[in-house]
Amino acid sequence: MQSGPAGEGGDAKTGTVRVWLFDEANRAPKEAVINEAIAEFTSGKPDVTVDVQWVPVAARADKFAGAFNDPSNAPDLAEFGNTDLAGYAVTGAFADLSADIASWPEGGDLIDSVLDTAKFEGKTYGLPWFTGIRALYYRTDVFTELGLRPPATLAELADTARRIRAAKPELYGIAVGGKYTYAMLPFLWAHGGELAVNDGAGWNAAVNSDRAKEGITRYTELIRDDICPPAQCADLTGTQSVTAFAGGKAGMTIGGDFNRKAMEQGAVKGNYAVIPLPGTRADSVAPAFAGGNLLGVFKASERRGLAVEFAELLAGPKYQEKMYQAMGNLPTLSGVQSKLAANDPFLLPFVQTLQAGTKFVPSTPAWSKIDSQNILPTALQRIATGAAGPDAALDAAAAEMNKAFE
């Protein structure tokens, strides 16, 4: 039976469902959850099997390109990152899951801003499996010793970071870096800026608008000798910023729910806490970037219904909870989030950040080009090191972004 036009796959109810999932540095806990889901899925389906291939994240571009070029090599179901979505959607290789999610009993519990990361030009090409949110980690022992309170605004954050550095010159006031785009974005958004604006005809860079410039400038002011010296911090990535904090070298950092293991295995264990990254006003939360992974069904799948059914099982409450326990993945269903946060106070600031409203990168294939060309990190580094002022650095970045958008 055909689910779409001829040559666009089918809806066989038997056979092997081929699944691509991302490999992990420590795959065993993830694999155990997946194997449990497979056993539940195939129970009562004697003629159905599930074949999982583990795809290294670093090699995903070639792997997916091969599937786009030759649908016979495509899986039925695949995990992929939401920042890759727009580039994948334009190939026409993925099925629109809008109707499936609308009729899925759990669909109404998906957080809107997270579901938006699965959409391209009005269609939904993935089921949000988990999300990743960043918040502010801080050293409780250092704050107690210096009589500091957690910052209530971004301006207070900078002031607190300076005070930590002044009192303890061996520490960065806050570990952030010129290559840590996802730490900068909340500053840009909190000040009312945007990365780019779509005027209906296409995308136009907005990083050099007054509001964006102010947010980016406030961020780069953290990469100063009196907080996080440019000589050490201009080159720091997100991972390196988090590693510096986990290793006991910083008073604060901006880190993800997914960085918990690094903290627990680091020098700061037992001496850190997390709050939502504050906004420009007290009691506000800076909009965080909503990262995360989706489960998409290939249009060429001969087993569309089975693929959707397995995706909905994996992304349902039971396995979202199991994946959180196994991998620390933040669920995309608000009910599961609330349940877990009630039992695990660590999760609460991340859930509060999500509920306050997250933002995403422009939904266009050009974004992966902008990302791979390091346009934003280059601008941040030029400002942080004094190689260029904010006006010149961000005008240049906007011009490069607009080339990619053409």
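Once neighbouring chains are kept in place and the probe is 1.4 Å, which whole percent of the accessible area of the chain is contributed by carbon and sulfur? The partial results should precede the final answer.
Working: 8070 of 16620 Å².
For the chain, the apolar C and S fraction of the accessible surface comes to 49 percent.
Multiply the residue separation of Ala396 and Ala59 by 0.36 nm, subtract the distance between their alpha-carbon atoms, and state the gained length in nm to one decimal.
Values: separation 337, 0.36 × 337 = 121.32 nm, distance 3.09 nm.
Gain on extension, Ala396 to Ala59, equals 118.2 nm.
Give the relative contact order (percent, whole number) for the stretch 198-272; include only Cα pairs under 8 Å separated by 6+ residues.
Values: 37 pairs, mean separation 13.4, N = 75.
Rounded, it is 18 percent for the stretch 198-272.
Checking the a/c ratio against 1.5 first, then a/b against b/c, what shape does the Cα gyration tensor give for the stretch 159-257?
In terms of gyration-tensor shape, prolate.
What is the helix-to-structure angle for 60-69, meaning the angle in degrees between its Cα long axis and the longest Cα principal axis of the chain, kept from 0 to 90 and rounded to the nearest 10?
Between helix and principal axis, roughly 40 degrees.
Select from Pro186, Phe143, Leu171 the residue farthest towards the positive end of the dipole of the stretch 133-193; place +1 on Cβ of Lys and Arg, -1 on Cβ of Asp and Glu, and compute about the Cα centre.
It is Pro186, whose Cα lies furthest towards the positive end.
Taking the Cα centre of the stretch 143-216 as the origin, how large is its charge dipole in debye, to the nearest 20, when only Lys and Arg (+1) and Asp and Glu (-1) carry charge on their Cβ atoms? Walk me through the intermediate numbers first.
On the way: 8 positive and 8 negative charges, 58 e Å.
Value, rounded to 20: 280 debye.
Anyone know which of Pro151, Pro56, Pro186 comes out most mobile in the 10 Å Cα GNM of the chain?
Highest fluctuation among the options: Pro56.
With a point put 7 Å past each Cα toward its Cβ, work out how far Asp210 is from Ala166 in nm, to one decimal.
3.1
What do you reckon, how do Glu400, Glu406 stack up by accessible area (1.4 Å probe), largest on top?
Glu406, Glu400
Which length gain, in nm to one decimal place, applies between Lys403 and Ser98 when the Cα-Cα distance is subtracted from 0.36 nm times their residue separation? Spell out each step's value before the answer.
Values: separation 305, 0.36 × 305 = 109.80 nm, distance 3.18 nm.
Between Lys403 and Ser98, full extension yields an extra 106.6 nm.
Measuring with a 1.4 Å probe in the full set of protein chains, what accessible area per residue, in whole Å², belongs to the stretch 234-386? Write down the numbers at each step before the final one.
Details: 5680 Å² over 153 residues.
That works out to 37 Å² per residue.
Looking at the chain as a GNM with Cα springs under 10 Å, which of Ala384, Ala37, Ala190 has the largest mean-square fluctuation?
Sorting by GNM fluctuation, first place goes to Ala37.
How much of the calculated P(r) for the stretch 232-364 lies past 25 Å, in percent of all Cα pairs? Walk me through the intermediate numbers first.
Numbers: 3411 of 8778 pairs.
The answer is 39 percent, as a whole percent.
Work through the residues other than Gln381 whose Cβ is under 9 Å from its Cβ and net out their charges, Lys, Arg +1 and Asp, Glu -1.
Details: positive: Lys179, Arg382; negative: Asp235.
Once all neighbours under 9 Å are counted, the net charge is +1.
Figure the gain on full extension for Thr91 and Leu313 (residue separation times 0.36 nm, minus the Cα-Cα span) and round it to one decimal in nm.
Values: separation 222, 0.36 × 222 = 79.92 nm, distance 2.65 nm.
Additional length available on full extension: 77.3 nm.
Which of the three applies to the stretch 1-122, rounded, prolate or oblate, going by the alpha-carbon gyration tensor with a ≥ b ≥ c and a/c under 1.5 meaning rounded? Mind showing how you got there, number by number?
Details: a/c = 1.15, a/b = 1.08, b/c = 1.07.
Here the stretch 1-122 falls in the rounded category.
How many Å² of accessible area per residue for the stretch 161-215, probe 1.4 Å?
On the way: 2200 Å² over 55 residues.
Value returned for the stretch 161-215: 40 Å² of accessible area per residue.
Considering the Cα positions of the stretch 146-203, please state its Rg to one decimal place and its Dmax as a whole number of Å.
That works out to 15.9, 53 Å for Rg and Dmax.
Just the number please: accessible area per residue for the stretch 1-142, 1.4 Å probe, all protein chains included, in Å². Don't jump to the answer; show the numbers that get you there.
On the way: 6230 Å² over 142 residues.
Here the residues of the stretch 1-142 average 44 Å² of exposed surface.
Quick one: helix 181-190 against the long Cα principal axis of the chain, what's the angle to the nearest 10°, folded into 0 to 90?
Between helix and principal axis, roughly 80 degrees.
Do the sum for the chain: with -39,500 (n - 2.57) for every DSSP H run of n ≥ 4, divided by all residues, what is the mean residue ellipticity at 222 nm, to the nearest 500 deg cm²/dmol? Please report the intermediate quantities before stating the final value.
Values: 19 runs with 175 residues, N = 406.
That comes out to -12500 deg cm²/dmol.
Roughly how many Å is it from the Cα centre of the stretch 296-357 to that of the stretch 28-84, as a whole number?
17
In the full protein assembly as shown, how much of Phe258 is accessible to a 1.4 Å probe, in Å² to the nearest 10?
Looks like 100 Å² after rounding.
Which listed residue (Gly296, Gly266, Met252) has the Cα farthest towards the positive end of the charge dipole for the stretch 210-332, taking +1 on Lys and Arg C-beta and -1 on Asp and Glu C-beta about the Cα centre?
Gly296
For the stretch 339-406, taking Cα atoms only, what is the radius of gyration to one decimal and the Dmax to the nearest whole Å?
17.5, 49
Enter the mean projected area of the convex hull around the alpha-carbon atoms of the stretch 86-227, in nm², rounded to one decimal. Let's see the in-between values first.
On the way: hull surface 47.2 nm².
Here the figure is 11.8 nm², rounded to one decimal.
Between Arg303, Arg139, Arg60, find the one with the highest GNM mean-square fluctuation for the chain; connect C-alpha pairs within less than 10 Å.
Maximum fluctuation in the GNM of the chain, among the listed residues, is at Arg60.
How large is Rg over Rh for the chain, taking Rg from the Cα atoms and Rh as the Kirkwood inverse mean of 1/r across Cα pairs? Mind showing how you got there, number by number?
Values: Rg = 22.0 Å, Rh = 22.2 Å.
Checking Rg against Rh, the ratio lands at 0.99.
Work out the length of the dipole vector of the chain about its Cα centre, built from +1 on the beta-carbon of each Lys and Arg and -1 on the beta-carbon of each Asp and Glu, and round it to the nearest 20 debye. Please report the intermediate quantities before stating the final value.
Details: 36 positive and 47 negative charges, 195 e Å.
In debye, rounded to 20, the chain gives about 940.
State whether the stretch 42-96 is rounded, prolate or oblate according to the following rule on the C-alpha gyration tensor (a ≥ b ≥ c being the square roots of its eigenvalues): a/c under 1.5 gives rounded; otherwise a/b larger than b/c gives prolate, and the remaining case gives oblate.
Working: a/c = 2.02, a/b = 1.77, b/c = 1.14.
Prolate.
Helix 154-167 versus the longest principal axis of the chain: what is the Cα-based angle in degrees, 0 to 90, to the nearest 10?
Relative to the chain, helix 154-167 is tipped by roughly 60 degrees.
Placing +1 at every Lys and Arg Cβ and -1 at every Asp and Glu Cβ, with all other atoms neutral, what dipole size does the stretch 164-261 have around its Cα centre, in debye to the nearest 20? Numbers along the way, then the final one.
Numbers: 10 positive and 10 negative charges, 75 e Å.
The calculated dipole for the stretch 164-261 is roughly 360 debye.
May I ask you to derive the FRET efficiency for Thr237 and Glu40 from their Cβ-Cβ distance with R0 = 41 Å, giving the value to the nearest 0.05?
On the way: r = 39 Å, r/R0 = 0.94.
Once rounded, the FRET efficiency stands at 0.60.
Among Leu313, Leu330, Ser284, whose Cα projects farthest towards the positive end of the dipole of the stretch 271-335, with charges put on the beta-carbon of Lys, Arg (+1) and Asp, Glu (-1)?
Leu313
Given a cut-off of 15 Å, what percent of all Cα-Cα pairs of the stretch 74-118 lie beyond it?
On the way: 517 of 990 pairs.
That fraction is 52 percent.
The values are calculated or read from the model by the stated rules, or taken from the named source; none is laboratory data. Since the structure is predicted, the reported quantities are computational estimates derived from the model, not experimental observations. So basically every Cβ, Gly included, is an ideal-geometry build from the backbone, and we count neighbours across all protein chains shown. Each accessible area value is taken on the protein alone, full model and side chains, heavy atoms only, with ligands, DNA and RNA left out. Shrake-Rupley method; radii C 1.70, N 1.55, O 1.52, S 1.80 Å.
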